[in-house]
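Peer 1: I have a structure here, written as structure tokens, and I will follow up with some questions on it.
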Amino acid sequence: APLAAAVPLAGRGTPVVLAGWGPPERCAAADVLRVATRPADPLPVVRDRLEDVARDAGLRPDGSGRVACPFGYADLDSAVRGMLSTGWFDTATSTAGHDQVVKELTEALHAHRRRDGTVWMPNVFRYLIARTP
């Protein structure tokens, strides 16, 4: 609904870009993001629905593609702080507690830690360019 409400504010033919996660096998952060959800409550998959989201908002799809969007951090502590700052883990923190979420997040991030201590998660995002009517 917020997207549909914004469409009339843009001029005719204005490009609007929507983005979502790419294929799970091309998103290294997917396993880390599972910490934010319960198994019965998976993250919404908008990737395959970008066209539907655009059309439902009254937009006309006009092209799409994929783009590399790696998440890189100087060290494990920075990665934990960075991931927590997204807001994606707020519900988990409210439910399980900050310390528990930090523990699980740290464990999940270890798989992405490089020898030099940096944390690197290569991801691919899908985008859709749509236009206002």
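Peer 1: Using Cα-Cα distances under 8 Å and only pairs 6 or more residues apart, what relative contact order does the chain have, in percent?
Peer 2: For the chain, the relative contact order is 47 percent.
Peer 1: Another question, then. Taking neighbour Cβ counts within 10 Å as the exposure measure, how do Cys69, Cys27 sort from fewest upward? Could the numbers behind the result be given before it?
Peer 2: Working: Cys69 16, Cys27 20.
Listed from fewest to most nearby Cβ atoms, that is Cys69, Cys27.
Peer 1: Here's something else I'd like to know. Take the Cα atoms of segment 2-131, find their three principal axes, and give me the spread along each one in whole Å, biggest first.
Peer 2: Taking the Cα atoms of segment 2-131, the three principal extents are 49, 32, 24 Å.
Peer 1: How much length is gained on full extension from Leu3 to Val67, taking 0.36 nm per residue of separation minus their Cα-Cα distance?
Peer 2: Separation in residues times 0.36 nm, less the Cα-Cα distance, equals 20.8 nm.
Peer 1: If one takes the longest principal axis of the Cα atoms in the chain, at what angle in degrees, from 0 to 90 and to the nearest 10, does the Cα axis of helix 98-110 lie?
Peer 2: Orientation of helix 98-110: about 90 degrees from the principal axis.
Peer 1: Return the calculated 222 nm mean residue ellipticity for the chain, to the nearest 500 deg cm²/dmol, obtained by summing -39500 (n - 2.57) across DSSP H runs with n ≥ 4 and dividing by the residue count.
Peer 2: Numbers: 6 runs with 45 residues, N = 133.
Value at 222 nm, helices only: -9000 deg cm²/dmol.
Peer 1: Take the Cβ-Cβ distance between His110 and Trp88 as r, set R0 to 22 Å, and report the resulting FRET efficiency rounded to the nearest 0.05. Before the final figure, lay out each step's value.
Peer 2: Working: r = 19 Å, r/R0 = 0.85.
Calculated value: 0.75.
All of the numbers you see were taken from the coordinates with simple rules; none came from a lab. For clarity, every value in this text was computed on a predicted model and none was experimentally measured. Virtual Cβ from ideal backbone geometry, glycine too; neighbours counted across all protein chains shown.
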